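This report refers to the structure that appears directly beneath it.
The values are calculated or read from the model by the stated rules, or taken from the named source; none is laboratory data. Quick caveat: nothing in here was measured; it's all calculated off a predicted structure. FYI the Cβ positions are ideal-geometry reconstructions off the backbone, even for glycines, and counts take in every protein chain you see. To get the accessible areas, we keep the full protein, side chains included, count just its heavy atoms, and leave off ligands, DNA and RNA. Shrake-Rupley method; radii C 1.70, N 1.55, O 1.52, S 1.80 Å.
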Amino acid sequence: MRSLPLLGCLLLSALWGAHSLRAEESQVRIARDDPWTQSDLLLPKELLARWKPGSSSYAIYQVGFPFLYKAGHIPGSIYVGAGKDPEGIEALKKAVSGLPMDKKIVLYCGCCPLDVCPNIRPAFETVKKLGFSNAKILYLPEDFAHDWIHKGYPTEKGG
């Protein structure tokens, strides 16, 4: 009988902890001038649950800086250039040009906190203007190292 209250406390503690983790993930920061909505963002755990490295279900593009891509990137992702540069935007346009408009596209940078990233906004605005209805931003609020690599998610180097 004594173990029943202890079991209840443990269960309550576990549920409370799980709720706080879910709450953290659902508190996505979106600035007033961001070109995306909540539904345009994809959490890393959501991507990993829906996609496996080597799968063609998503077209994943890194729109940041080349040295970051070479240091570590999502397996199978394609580096197209920095979204802040006209050359990067042109490379992104070329990369998506043959894709169906409903293709699942994921864009990520991870150079710095998402709210100040110079690359992700122009890249996202470009694919949306081109008409891609399933374009998503990988939600990396701090940076790629903190929100992907340090969590042990799959990474490859080079490129």
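In region 36-60, what residues are at pLDDT 90 or above and more than 11 Å from K136 (Cβ to Cβ)?
Correct list: P44, K45, L48, A49.
I'd like the full set of residues that are part of a loop (DSSP other than H, G, I, E, B), touching a strand residue (DSSP E or B) at 6+ places or on another chain (Cβ under 6 Å) and touching a residue at least 60 places away in the same chain (Cβ under 8 Å), limited to region 70-89.
If the condition is that a residue be part of a loop (DSSP other than H, G, I, E, B), touching a strand residue (DSSP E or B) at 6+ places or on another chain (Cβ under 6 Å) and touching a residue at least 60 places away in the same chain (Cβ under 8 Å), then I74, P75 are the ones that fit.
Given the conditions (1) open to solvent by 50 Å² or more (accessible area, probe 1.4 Å); (2) out of contact with any Pro (no Cβ under 7 Å at 6 or more places or on another chain), which single one is not true for Y79?
Of (1) open to solvent by 50 Å² or more (accessible area, probe 1.4 Å); (2) out of contact with any Pro (no Cβ under 7 Å at 6 or more places or on another chain), only one is false for Y79: (2).
Among the residues of region 92-121, which ones are within 21 Å of W51 (Cβ to Cβ), out of contact with any helix residue (DSSP H, G or I) (no Cβ under 9 Å at 6 or more places or on another chain) and open to solvent by 60 Å² or more (accessible area, probe 1.4 Å)?
Selection gives G98, P100, M101, D102.
Just need a number here: residues in region 32-69 that are small (G, A, S) and either under 15 Å from F144 (Cβ atoms) or in contact (Cβ under 8 Å) with a residue 60 or more places away in the chain (or both).
Residues in region 32-69 being small (G, A, S) and either under 15 Å from F144 (Cβ atoms) or in contact (Cβ under 8 Å) with a residue 60 or more places away in the chain (or both): 1 in total.
Out of region 40-51, which residues are open to solvent by less than 20 Å² (accessible area, probe 1.4 Å) and in a loop (DSSP other than H, G, I, E, B)?
Selection gives W51 alone.
Which condition breaks for Q62 when tested against (1) exposed (fewer than 12 other Cβ atoms within 10 Å of the Cβ); (2) touching a His at 6+ places or on another chain (Cβ under 8 Å)?
Going through the list (1) exposed (fewer than 12 other Cβ atoms within 10 Å of the Cβ); (2) touching a His at 6+ places or on another chain (Cβ under 8 Å), Q62 breaks only (1).
Considering each residue of region 92-146, count those that are under 17 Å from P44 (Cα atoms) and among the basic types (K, R), and give that number.
2
What is the residue count in region 122-159 for residues that are buried (at least 20 other Cβ atoms within 10 Å of the Cβ) and not in a loop (DSSP other than H, G, I, E, B)?
So the count comes out to 10.
Answer with yes or no whether S26 is polar (S, T, N, Q), within 25 Å of P154 (Cβ to Cβ), within 17 Å of the chain's Cα centre (by Cα) and at pLDDT 95 or above.
So S26 fails the test.
Failed condition for G54, given (1) within 16 Å of K129 (Cβ to Cβ); (2) open to solvent by 10 Å² or more (accessible area, probe 1.4 Å); (3) assigned to a loop (DSSP other than H, G, I, E, B); (4) touching a Gly at 6+ places or on another chain (Cβ under 8 Å), with all others met?
(1)
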